[in-house]
Amino acid sequence: MPTDIPITFYERAIIFVLKQNAVIKFLKLHWLKYFSSNFNVGISIKKDSGKLSDAYHETIKEKLSEIVDKFNLSSEIRISFFSDIKTFKNKKEAIKFRKENDLDLLVWGNFSSESLKLDGETVIEPTLKFTFKYPDNKDGRIGKSFGRELKSVLKSKKINLIKESSSLTDLKILPEKVFDICSYIVGVSSLLYGKIDASEKILESLLKRNKNDQTNFIKGVRAHLNNIYTYRIKTLILEKENYKNLLSVSEKMTSLNPSSISGLTAKAIAQFNSGEIKESEKTVALVQNKYPSEDVTNINVAFFRILQKKYNRALKYYKKLLRKKELDGGINPLQVVEFLEDQYDLNKNEKAYLFASGLINFKFADLKRGKELLKQFIRSSKNIEHYKTMRRCAKKLIDNG
């Protein structure tokens, strides 16, 4: 079964946070009071006494501030510099300082001595470490998983030596890498704290800055954005109002993965409810081509066959659903029934909506209600020839139910 949702424990924890409104409310009441409106990042890099490291340090400060402004992230990330105030000998000192100064992330380390040479050329080696806070569960599994993820992605953002001969280029790359690492930590931490809007904006900015990157670093960004978009889609479908926004999110999802069944299905829903019936039908056909056996395919294709008044072909897809014990892919049968009943209310001449809503109810939701709708379909479609095979199926379901 195709799915757009990763299944590791850590990713399930993130999805759980996204899905559970009660959990998000709990986070806001308890954790978020310790988590400021923007993410406070502290930078403290110990400088060597030489001129080069001092100049490099100032350039890094300048570049980091430029990146925040360029990508309009000043509301999400606030950077403070502490190199002239405090440097650290070990992790314990760094953690203590981070807590005392209410920092969410502290980047600390040092520049090597300017006496370091490589092939006769002066080089400076930045050694940087990242200390940050995050929510965790009692047994520490989320924290451990987050740590393992960062260890993996940081390998893709290795901090290189700064060579005197190429210092201009190296000094452009270094703050970009530092900011990317900070953004990753901030984006995922924000997500774990339930700050979905901030996380989405930061991770989208990170993806934009690294659009040609195919490493584990950007794969991680894509996975987290996928989780956010999945949550957005489910929420917007439930709201049944902002289909323009739903279309936008579905296009973001398919830009990450053109074959995303969640993204394509959401796109079809948004198009249909925006009056773009033909475009919606084309999107459903695309899903059918990619995922011919999925329940969502059978449901949507059957619906369009009703619109086309191809009732026997619609029945063929509904019969495929009758072989299932439950709908796969996280489909809520009550939402399907509600949609079909809404369509019947809009067009009471189309009796096939009664059959479809009755069948879905009968098999997957409310047996009693399903029987009532099927009986209503049988009565209302009496003597209408093109509903004959549907009527026969409805009678058989009631007799065997």
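The values are calculated or read from the model by the stated rules, or taken from the named source; none is laboratory data. Owing to the predicted nature of the structure, the values given are computational and were not obtained by experimental measurement. Using ideal geometry, Cβ is built from the backbone for each residue, glycine included, and neighbour counts are taken over all protein chains shown.
Values as computed for the structure displayed
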| read-out | value |
| --- | --- |
| Selected residue (only one of Lys316, Lys325 is out of contact with any Lys or Arg (no Cβ under 6 Å at 6 or more places or on another chain) and either of a type in the set (Val, Ile, Thr) or not in a helix (DSSP H, G or I) (or both)) | Lys325 |
| Members of the stretch 302-321 found to be under 32 Å from the mean Cα position of the chain (by Cα) and in contact (Cβ under 8 Å) with a residue 40 or more places away in the chain, listed by number | Ala302, Phe303, Tyr318, Leu321 |
| From the options Ser156, Ser112, residue that is touching an Asp or Glu at 6+ places or on another chain (Cβ under 9 Å) and either at pLDDT below 75 or among the hydrophobic types (A, V, I, L, M, F, W, C) (or both) | Ser112 |
| Answer from Val221, Val249 - the residue that is out of contact with any strand residue (DSSP E or B) (no Cβ under 6 Å at 6 or more places or on another chain), surrounded by 21 or more Cβ atoms within 10 Å (Cβ to Cβ), farther than 30 Å from Lys151 by Cβ and aliphatic (A, V, I, L, M) | Val249 |
| Residue within the stretch 34-55 that is out of contact with any strand residue (DSSP E or B) (no Cβ under 6 Å at 6 or more places or on another chain), part of a helix (DSSP H, G or I) and at pLDDT 85 or above present | no |
| The stretch 328-361, residues that are under 34 Å from the mean Cα position of the chain (by Cα), outside any helix (DSSP H, G or I) and of a type outside the set (A, V, I, L, M) | Asp328, Gly329, Gly330, Asn332 |
